[in-house]
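Below you'll find the structure, written out as structure tokens, and then a few comments.
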Amino acid sequence: MNSTRERWASKLGFMLAAMGSAVGLGNIWRFSYVAGENGGGAFLILYLASILIVGIPLLLVEVSIGRKAKSDVVGSFQTLAPKKPWYLAGFLGVFGALLILGFYSVIAGWSMYYFWNYLTGQFFTVPEQGYGAAFEIFTTSTAQPLMWHAIFMVLTITIVLTGVKKGIELANKIFMPALAVLLIILTVFSLSLDGAMEGMRFLFQPDWSVLGNPSVYIAALGQAFFSLSLGVGAMMTYGSYLSDHHKLPGATVGIGLMDTFFAVISGIVIFPAVFAFGIEPDSGPVLVFITLPDIFSQMPFGGFVGILFFLSLTLAAVSSSVSLLEVPVAYLMRVAKWSRKRASIFTGMVIFILGIGASLGMGAWAGFTPIGQHNIMDSMDYIASNVFLPLVGLVMALFAGWHFSKKEALTAADLGHHPVGNWWYILVKYFAPVIIVIIFLNTLGIL
């Protein structure tokens, strides 16, 4: 299997695909409202520190395991630790990818719906009932959200079944530069608004008083961990398509820095606009789908800005969804010996079915709350993000730090003769596991 395994056409192709995996709704949507809820500038500093100290070292772990084993997330552990239970974490990664994409694709469908309505001019002006009511009517209906969910999944499946080079790599070579250009154009629009500098001060001028709140540290660590797509197996799977001559440290640092760039540039797009129109920065998840359209309607060329913004959001969503779909697809291709086309279509159908529950949970099945007061979508998010991802991330850190010898770990990561190798090994072996356990216990409400 390994000798005929697909390969990236270039190291740049891998980096763009990995960036595409990391840069998604979490950067443009989640980062902005989490930063808004946690004080802006001080949170940004903690987030950047978390990326450098925890995120990039763990990213290097995940990619190095995949490249060394040349297999999917389950097969990598089975190859490197035969007859030992490490591989069970791989199954958590596969199930986590299915769950996340199950609800993620529904939200991405919302983004496509908004893009279409801006493209046709429907959202250029405020709907009669207002953007908030329009959003609620759309998300709680049955047919429309499922139609956009289906369209989004067909696009994702088509890219994945085309292959690593001609599908995933080619798509990201188009999407990521396009996304960067779109966000830079949006930044110019946002910074031209009266009152924009107040938003910039919020994002870049720290309010040190928020550092007295322990939850801000946890939020920054959690955002860094999840924004890099760690713990779901996507980076391990992508790493398995790398040739041994491609060096990992520079690539993973580049991915981490570019992921951070997209998050920060998204904040520069959103916060100046939010402050220019007197909106509270801690508006939460509704910031993108209700608050921003309301702002766009009051901006010069707001309709055009809406087209660019939701096109950006959709491109980011597709690049991430492709990597999530690839995790179970790669597993089925190895275990069931299915063709890429068959595995992609089958897995995509399973995810579409999961998405039906997530979508209807906003409306017709809103009364069904699997976990506490969480609806179906929130329950899927809770299990995947708060249980599966931290556990898989913890296992990867323990695997590199405690199963591998120090020499094996450094060699796998291309740090055998690098001056930062010892520091990386200490971070991965001791520091990262403690941080992940803290995040895990906090999200479960134990800390």
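Taking the stretch 42-55 only, how many residues are crowded, with 24+ Cβ neighbours inside 10 Å and closer than 10 Å to LEU427 by Cβ?
1
Checking VAL232 against (1) modelled with pLDDT under 90; (2) surrounded by fewer than 23 Cβ atoms within 10 Å (Cβ to Cβ), which single condition isn't satisfied?
Exception for VAL232: condition (2).
So which residues in the stretch 67-95 are over 16 Å from GLY393 (Cα atoms), outside any helix (DSSP H, G or I) and either touching a Pro at 6+ places or on another chain (Cβ under 6 Å) or not aliphatic (A, V, I, L, M) (or both), if there are any at all?
Scanning the stretch 67-95 gives LYS70, SER71, PRO82, LYS83, LYS84.
So, in the stretch 309-354, of the ones that are under 17 Å from the mean Cα position of the chain (by Cα) and among the hydroxyl-bearing types (Ser, Thr, Tyr), which residue ends up surrounded by the most Cβ atoms within 10 Å (Cβ to Cβ)?
SER321
Among the residues in the stretch 251-258, are any closer than 24 Å to VAL322 by Cα and in contact with a Pro (Cβ under 9 Å, 6 or more places away or on another chain)?
Scanning the stretch 251-258 turns up at least one residue that is closer than 24 Å to VAL322 by Cα and in contact with a Pro (Cβ under 9 Å, 6 or more places away or on another chain).
Just name the residue that is modelled with the lowest pLDDT out of those in the stretch 23-41 that are surrounded by fewer than 21 Cβ atoms within 10 Å (Cβ to Cβ) and more than 20 Å from ILE100 (Cβ to Cβ).
GLU37
Considering each residue of the stretch 141-157, count those that are part of a helix (DSSP H, G or I), of a type in the set (S, T, N, Q) and touching a Gly at 6+ places or on another chain (Cβ under 8 Å), and give that number.
Residues in the stretch 141-157 being part of a helix (DSSP H, G or I), of a type in the set (S, T, N, Q) and touching a Gly at 6+ places or on another chain (Cβ under 8 Å): 1 in total.
For the stretch 256-277, indicate whether the set of residues that are assigned to a loop (DSSP other than H, G, I, E, B), farther than 20 Å from VAL23 by Cβ and of a type outside the set (D, E, K, R) is non-empty.
Yes, because at least one residue in the stretch 256-277 is assigned to a loop (DSSP other than H, G, I, E, B), farther than 20 Å from VAL23 by Cβ and of a type outside the set (D, E, K, R).
Look at the stretch 185-233 and say how many of its residues are under 20 Å from ILE265 (Cβ atoms) and β-branched (Val, Ile, Thr).
Number satisfying all stated conditions: 3.
Kindly indicate the residue of the stretch 211-220 that is under 26 Å from the mean Cα position of the chain (by Cα) and in a helix (DSSP H, G or I) and also surrounded by the fewest Cβ atoms within 10 Å (Cβ to Cβ) among those meeting that condition.
Applying the filter and picking the extreme gives PRO214.
When the stretch 388-419 is examined, which residues are found to be under 18 Å from MET235 (Cα atoms), surrounded by fewer than 20 Cβ atoms within 10 Å (Cβ to Cβ) and in contact with a Pro (Cβ under 8 Å, 6 or more places away or on another chain)?
LEU398
Among the residues that make up the stretch 362-375, is at least one of them in contact with a Gly (Cβ under 6 Å, 6 or more places away or on another chain) and of a type in the set (A, V, I, L, M)?
Within the stretch 362-375, none of the residues are in contact with a Gly (Cβ under 6 Å, 6 or more places away or on another chain) and of a type in the set (A, V, I, L, M).
Test each condition in (1) of a type outside the set (S, T, N, Q); (2) modelled with pLDDT under 90; (3) surrounded by 21 or more Cβ atoms within 10 Å (Cβ to Cβ) for MET258 and report the one that comes out false.
(3)
Could you list, in sequence order, the residues of the stretch 156-179 that are surrounded by fewer than 17 Cβ atoms within 10 Å (Cβ to Cβ), touching a residue at least 24 places away in the same chain (Cβ under 8 Å) and among the hydrophobic types (A, V, I, L, M, F, W, C)?
Within the stretch 156-179, ALA178 is the sole residue that qualifies.
Mind checking which residues of the stretch 96-127 are more than 21 Å from MET396 (Cβ to Cβ) and small (Gly, Ala, Ser)?
Within the stretch 96-127, GLY102, SER105, ALA108, GLY109, SER111, GLY121 meet the criteria.
Quick check: is even one residue across the stretch 98-114 polar (S, T, N, Q) and more than 28 Å from MET377 (Cα to Cα)?
Taking every residue of the stretch 98-114 in turn, none turns out to be polar (S, T, N, Q) and more than 28 Å from MET377 (Cα to Cα).
Go over the candidates PHE124, PHE138 one by one and state the one that is part of a loop (DSSP other than H, G, I, E, B) and over 20 Å from the mean Cα position of the chain (by Cα).
Going through PHE124, PHE138 in turn, just one is part of a loop (DSSP other than H, G, I, E, B) and over 20 Å from the mean Cα position of the chain (by Cα): PHE124.
Report yes if LEU92 is surrounded by 24 or more Cβ atoms within 10 Å (Cβ to Cβ) and either in contact (Cβ under 8 Å) with a residue 24 or more places away in the chain or not charged (D, E, K, R) (or both), otherwise no.
no
The values are calculated or read from the model by the stated rules, or taken from the named source; none is laboratory data. Just so it is clear, the structure is predicted and the values come from calculations on it, not from any experiment. Cβ atoms come from the backbone with ideal geometry, glycine included; neighbour counts cover every protein chain shown.
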